[in-house]
1. Restricting the search to segment 13-25, which residues are touching a strand residue (DSSP E or B) at 6+ places or on another chain (Cβ under 9 Å) and surrounded by fewer than 22 Cβ atoms within 10 Å (Cβ to Cβ)?
2. For segment 26-40, what are the residues that are in a helix (DSSP H, G or I) and loosely packed, with under 14 Cβ neighbours inside 10 Å?
3. Could you please tell me which pairs satisfy a Cβ distance under 6 Å, a separation of 6+ or placement on different chains, a first residue in segment 68-86 that is touching a residue at least 40 places away in the same chain (Cβ under 8 Å), and a second residue that is in a helix (DSSP H, G or I)?
4. Between a first residue in segment 126-145 that is without any contact (Cβ under 8 Å) to a residue 24 or more places away in the chain and a second residue that is outside any loop (DSSP other than H, G, I, E, B), which pairs have beta carbons less than 8 Å apart while being 6 or more apart in sequence or on different chains?
5. Given (1) free of Cβ contacts under 8 Å to residues at least 40 places away in the same chain; (2) assigned to a helix (DSSP H, G or I); (3) more than 30 Å from residue 199 (Cα to Cα); (4) touching a strand residue (DSSP E or B) at 6+ places or on another chain (Cβ under 8 Å), identify the lone condition not met by residue 61.
6. Restricting attention to segment 122-154, report how many residues are under 25 Å from residue 202 (Cβ atoms) and over 12 Å from the mean Cα position of the chain (by Cα).
7. Pick out the one residue from 149, 114, 105 that is within 30 Å of residue 11 (Cβ to Cβ) and in a loop (DSSP other than H, G, I, E, B).
8. So how many residues does segment 187-205 have that are farther than 16 Å from residue 15 by Cα and in contact (Cβ under 8 Å) with a residue 40 or more places away in the chain?
């Protein structure tokens, strides 16, 4: 795997995994161990909420139905947008082309502000799909059983079986993400077990 070359501190750690695998849990555990964590999902929220050019491009591409209501200054409704783009791979790619460049720039700016940290961890759901591996010094994939994934998506995101299947199919299989990572965290069991794995991998990295 190609890595950043001639880097100084911080070590840039990419945390990836399929939807509902437990990336946020691993991020929280890293934060509890004193590691600064950047959540690209939060950066995406910020871009959708505050980047006028991105919002305009999304509305032009997908129509007024992606807004929360009919008011011109209405925010993007992520659930409505998700229903549109997960039904069609071409629509999903078009959305990624609109949003990803702004999120990547925002993430790079944030990392640049943290040059005195030993490690900066970045939660990146589509790290491999977006060909971002060379932005990171080490990559961890968070894995969990398919049964647990589906249960979490149903309970957490209130998705039906078809919507769950569409979201899982929109990402690389977990097996491929695991094979391309430097380290794999199995989040199928208790949080204490996940915390044990995070602590061991962090000690190894440091």
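The values are calculated or read from the model by the stated rules, or taken from the named source; none is laboratory data. Remember, it's a predicted structure, so these values are computed and weren't measured experimentally. Don't worry about glycine lacking a Cβ; one is built from the backbone with ideal geometry, like all the others, and counts go over all protein chains shown.
1. Keep residues of segment 13-25 that are touching a strand residue (DSSP E or B) at 6+ places or on another chain (Cβ under 9 Å), which gives 13-18, 21-25.
Listed by number, the residues that qualify are 24, 25.
2. Initial filter on segment 26-40 (in a helix (DSSP H, G or I)): 26-32, 40.
Answer for segment 26-40, where residues must be in a helix (DSSP H, G or I) and loosely packed, with under 14 Cβ neighbours inside 10 Å: 31, 32.
3. Between residues of segment 68-86 that are touching a residue at least 40 places away in the same chain (Cβ under 8 Å) and residues that are in a helix (DSSP H, G or I), the close pairs are 86/166; 86/167.
4. Pairs that qualify, where the first residue is without any contact (Cβ under 8 Å) to a residue 24 or more places away in the chain and the partner is outside any loop (DSSP other than H, G, I, E, B): there are none.
5. The failed condition is (4).
6. 14
7. Values: 149 fails: in a loop (DSSP other than H, G, I, E, B); 105 fails: in a loop (DSSP other than H, G, I, E, B).
Only one candidate qualifies: 114.
8. Qualifying residue count, segment 187-205: 2.
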